[in-house]
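A.B. asks: This is the structure I want to talk about, given as C-alpha coordinates.
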Amino acid sequence: MKHNSIFNFCPNCKSVDFSFDNNFKFYCHSCNFVLYHNIAAAVAVIIKHEDKILFTVRNIDPDKGKWDLPGGFIDPDENAEQAACRELKEELGINLLPSDLKYIATSPNNYLYKNVPYKTLDVFFEYEISSNEINIAAEDEIKDLLWLTKKQIQLNKIGFVSIQKIIQNYYL
Ligand SMILES: [Zn+2]
(Lines give C-alpha, C1' and ligand atoms only; values in the text may rest on other atoms or scores of the structure.)
Protein backbone atom coordinates (compact mmCIF):
# COMPACT_ATOMS: atom_id res chain seq x y z
CA MET A 1 0.00 0.00 0.00
CA LYS A 2 1.34 3.42 -0.92
CA HIS A 3 0.90 6.24 1.55
CA ASN A 4 1.39 9.93 1.28
CA SER A 5 1.90 10.14 4.99
CA ILE A 6 4.30 11.21 7.72
CA PHE A 7 4.30 7.56 8.83
CA ASN A 8 5.70 4.56 6.97
CA PHE A 9 4.58 1.99 9.52
CA CYS A 10 2.08 1.65 12.31
CA PRO A 11 3.98 2.92 15.40
CA ASN A 12 2.33 0.18 17.46
CA CYS A 13 2.68 -3.01 15.36
CA LYS A 14 4.83 -1.92 12.36
CA SER A 15 2.13 -2.91 9.87
CA VAL A 16 1.98 -0.95 6.62
CA ASP A 17 -1.77 -1.55 6.36
CA PHE A 18 -3.03 1.74 7.73
CA SER A 19 -4.93 4.84 6.68
CA PHE A 20 -4.11 8.43 7.57
CA ASP A 21 -6.67 10.54 5.78
CA ASN A 22 -5.82 14.23 5.54
CA ASN A 23 -2.96 13.66 8.01
CA PHE A 24 -5.56 13.70 10.73
CA LYS A 25 -6.75 10.27 11.93
CA PHE A 26 -4.21 7.48 11.81
CA TYR A 27 -5.88 4.07 11.84
CA CYS A 28 -4.06 0.75 11.67
CA HIS A 29 -6.10 -1.96 9.99
CA SER A 30 -3.91 -4.68 11.51
CA CYS A 31 -4.04 -3.82 15.24
CA ASN A 32 -6.74 -1.08 15.40
CA PHE A 33 -4.26 1.45 16.80
CA VAL A 34 -5.69 4.99 16.46
CA LEU A 35 -3.81 8.27 16.69
CA TYR A 36 -5.36 11.68 16.13
CA HIS A 37 -2.96 14.30 14.75
CA ASN A 38 -5.15 17.02 16.26
CA ILE A 39 -4.74 20.73 15.70
CA ALA A 40 -2.37 22.54 18.04
CA ALA A 41 -3.33 25.78 19.75
CA ALA A 42 -1.14 28.84 19.45
CA VAL A 43 -1.28 32.53 20.32
CA ALA A 44 -0.21 35.71 18.54
CA VAL A 45 -0.19 39.24 19.91
CA ILE A 46 -0.73 42.44 17.96
CA ILE A 47 1.32 44.94 19.95
CA LYS A 48 0.16 48.48 19.20
CA HIS A 49 1.83 51.78 19.96
CA GLU A 50 0.16 54.94 18.66
CA ASP A 51 -0.50 54.26 14.94
CA LYS A 52 2.01 51.41 14.64
CA ILE A 53 1.97 47.62 14.98
CA LEU A 54 5.01 45.60 15.98
CA PHE A 55 6.07 42.85 13.57
CA THR A 56 8.93 40.47 14.17
CA VAL A 57 11.15 39.04 11.43
CA ARG A 58 11.49 35.27 11.79
CA ASN A 59 14.98 33.86 12.30
CA ILE A 60 13.87 30.22 12.09
CA ASP A 61 11.91 28.01 9.75
CA PRO A 62 9.16 27.71 8.81
CA ASP A 63 9.05 31.02 6.95
CA LYS A 64 12.48 32.28 8.03
CA GLY A 65 12.88 35.92 7.00
CA LYS A 66 9.14 36.53 6.82
CA TRP A 67 7.18 38.93 9.00
CA ASP A 68 5.49 37.43 12.05
CA LEU A 69 3.85 38.45 15.30
CA PRO A 70 5.12 37.68 18.79
CA GLY A 71 3.59 34.45 20.07
CA GLY A 72 3.89 30.70 19.92
CA PHE A 73 2.36 27.39 20.88
CA ILE A 74 0.26 27.05 24.00
CA ASP A 75 1.86 24.65 26.47
CA PRO A 76 -0.11 21.80 28.03
CA ASP A 77 -2.31 23.01 30.94
CA GLU A 78 -1.74 26.67 30.04
CA ASN A 79 -4.51 29.02 28.96
CA ALA A 80 -4.18 31.27 25.93
CA GLU A 81 -3.66 34.46 27.96
CA GLN A 82 -0.90 32.87 30.03
CA ALA A 83 0.78 31.61 26.85
CA ALA A 84 0.66 35.10 25.33
CA CYS A 85 2.20 36.67 28.45
CA ARG A 86 4.89 33.98 28.63
CA GLU A 87 5.81 34.37 24.94
CA LEU A 88 6.03 38.17 25.17
CA LYS A 89 8.34 37.80 28.16
CA GLU A 90 10.50 35.15 26.46
CA GLU A 91 10.72 36.82 23.05
CA LEU A 92 10.74 40.52 23.93
CA GLY A 93 11.26 40.82 27.70
CA ILE A 94 7.84 42.41 28.11
CA ASN A 95 6.06 41.98 31.45
CA LEU A 96 2.29 42.14 31.22
CA LEU A 97 -0.81 40.64 32.82
CA PRO A 98 -3.49 38.53 31.15
CA SER A 99 -5.91 41.39 31.84
CA ASP A 100 -3.78 43.68 29.62
CA LEU A 101 -4.75 41.57 26.60
CA LYS A 102 -7.76 42.24 24.44
CA TYR A 103 -9.17 39.27 22.55
CA ILE A 104 -9.47 39.84 18.79
CA ALA A 105 -10.28 36.57 16.97
CA THR A 106 -8.99 33.13 16.06
CA SER A 107 -7.62 31.97 12.72
CA PRO A 108 -6.48 28.55 11.41
CA ASN A 109 -2.92 28.07 10.20
CA ASN A 110 -0.59 25.55 8.56
CA TYR A 111 2.74 24.95 10.25
CA LEU A 112 5.25 22.74 8.47
CA TYR A 113 7.96 21.74 10.93
CA LYS A 114 10.69 19.28 9.96
CA ASN A 115 8.48 17.94 7.17
CA VAL A 116 5.56 17.24 9.50
CA PRO A 117 2.48 19.28 8.55
CA TYR A 118 0.69 20.63 11.62
CA LYS A 119 -2.64 22.41 11.62
CA THR A 120 -2.97 25.04 14.30
CA LEU A 121 -5.64 27.34 15.62
CA ASP A 122 -4.11 30.71 16.45
CA VAL A 123 -5.73 32.89 19.11
CA PHE A 124 -5.10 36.60 18.49
CA PHE A 125 -4.86 39.23 21.20
CA GLU A 126 -4.11 42.92 21.06
CA TYR A 127 -1.86 44.70 23.54
CA GLU A 128 -1.56 48.48 23.63
CA ILE A 129 1.93 49.26 24.91
CA SER A 130 2.98 52.61 26.42
CA SER A 131 6.53 52.61 25.04
CA ASN A 132 7.93 51.47 21.71
CA GLU A 133 11.36 50.79 23.19
CA ILE A 134 11.34 47.04 22.86
CA ASN A 135 14.33 44.77 22.38
CA ILE A 136 14.66 41.23 21.12
CA ALA A 137 15.13 38.76 23.97
CA ALA A 138 15.11 35.59 21.86
CA GLU A 139 17.64 36.30 19.10
CA ASP A 140 17.60 32.67 17.98
CA GLU A 141 13.93 33.09 17.02
CA ILE A 142 13.71 36.76 16.01
CA LYS A 143 16.02 38.51 13.56
CA ASP A 144 14.53 42.00 13.64
CA LEU A 145 11.67 44.15 14.91
CA LEU A 146 9.57 46.41 12.70
CA TRP A 147 7.13 49.08 13.89
CA LEU A 148 4.83 49.57 10.92
CA THR A 149 1.98 51.92 10.14
CA LYS A 150 -1.05 50.59 8.29
CA LYS A 151 0.39 51.90 5.00
CA GLN A 152 3.71 50.13 5.52
CA ILE A 153 2.21 46.69 6.07
CA GLN A 154 2.73 44.33 3.11
CA LEU A 155 0.59 41.22 3.44
CA ASN A 156 2.80 39.17 1.11
CA LYS A 157 5.74 39.61 3.48
CA ILE A 158 3.79 37.97 6.31
CA GLY A 159 4.62 34.28 6.54
CA PHE A 160 1.57 32.71 8.13
CA VAL A 161 -1.83 32.74 6.47
CA SER A 162 -3.56 33.08 9.86
CA ILE A 163 -1.72 36.37 10.52
CA GLN A 164 -2.29 37.66 6.99
CA LYS A 165 -6.00 37.09 7.44
CA ILE A 166 -6.31 38.80 10.84
CA ILE A 167 -4.21 41.80 9.80
CA GLN A 168 -6.23 42.16 6.60
CA ASN A 169 -9.61 41.79 8.30
CA TYR A 170 -9.02 43.83 11.45
CA TYR A 171 -6.15 46.24 10.86
CA LEU A 172 -6.08 47.37 7.20
ZN1 LIG B 1 -0.84 -1.50 14.02
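A.B. asks: Just checking, how many residues over the stretch 67-125 are more than 18 Å from Ile163 (Cα to Cα) and crowded, with 19+ Cβ neighbours inside 10 Å?
C.D. replies: 3
A.B. asks: While we're here: Quickly run through the stretch 138-160 and pick out the residues that are under 18 Å from the mean Cα position of the chain (by Cα) and surrounded by 14 or more Cβ atoms within 10 Å (Cβ to Cβ).
C.D. replies: Ala138, Glu141, Ile142, Lys143, Leu145, Lys157, Ile158, Gly159, Phe160
A.B. asks: Just a yes or no: is a residue in the stretch 64-74 more than 16 Å from the ligand (Cβ to nearest atom), basic (Lys, Arg) and under 22 Å from Glu139 (Cβ atoms)?
C.D. replies: yes
A.B. asks: For the stretch 93-120, give me each residue that is touching a residue at least 40 places away in the same chain (Cβ under 8 Å), part of a loop (DSSP other than H, G, I, E, B) and within 21 Å of Ile60 (Cβ to Cβ).
C.D. replies: So in the stretch 93-120, the residues touching a residue at least 40 places away in the same chain (Cβ under 8 Å) come out as 93-94, 101, 104-105, 107-113, 115-120.
Now restrict to residues that are part of a loop (DSSP other than H, G, I, E, B): 93-94, 101, 115.
Listed by number, the residues that qualify are Gly93, Ile94, Asn115.
A.B. asks: Okay, next question. Within the stretch 54-89, how many residues are aliphatic (A, V, I, L, M), part of a strand (DSSP E or B) and out of contact with any Asp or Glu (no Cβ under 9 Å at 6 or more places or on another chain)?
C.D. replies: Of the residues in the stretch 54-89, 1 are aliphatic (A, V, I, L, M), part of a strand (DSSP E or B) and out of contact with any Asp or Glu (no Cβ under 9 Å at 6 or more places or on another chain).
Residue-wise test of (1) part of a loop (DSSP other than H, G, I, E, B); (2) closer than 17 Å to Thr56 by Cβ.
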site	(1), (2)
Asp140	yes, yes
Asp144	no, yes
Leu148	no, yes
Lys151	no, no
Lys165	no, no
Asn169	no, no
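A.B. asks: Of Glu139, Glu128, Glu133, which residue is among the charged types (D, E, K, R), at negative phi and modelled with pLDDT of 95 or more?
C.D. replies: Glu128
A.B. asks: Go through the stretch 2-52 and give me each residue that's without any contact (Cβ under 8 Å) to a residue 60 or more places away in the chain, more than 11 Å from the ligand (Cβ to nearest atom) and part of a strand (DSSP E or B).
C.D. replies: The answer is Ser19, Phe20, Asp21, Lys25, Tyr36.
The values are calculated or read from the model by the stated rules, or taken from the named source; none is laboratory data. Just so you know, these numbers come straight off a predicted model, no measurement behind them. Cβ sites come from the backbone with ideal geometry, for glycine too, and all protein chains shown count toward neighbours.
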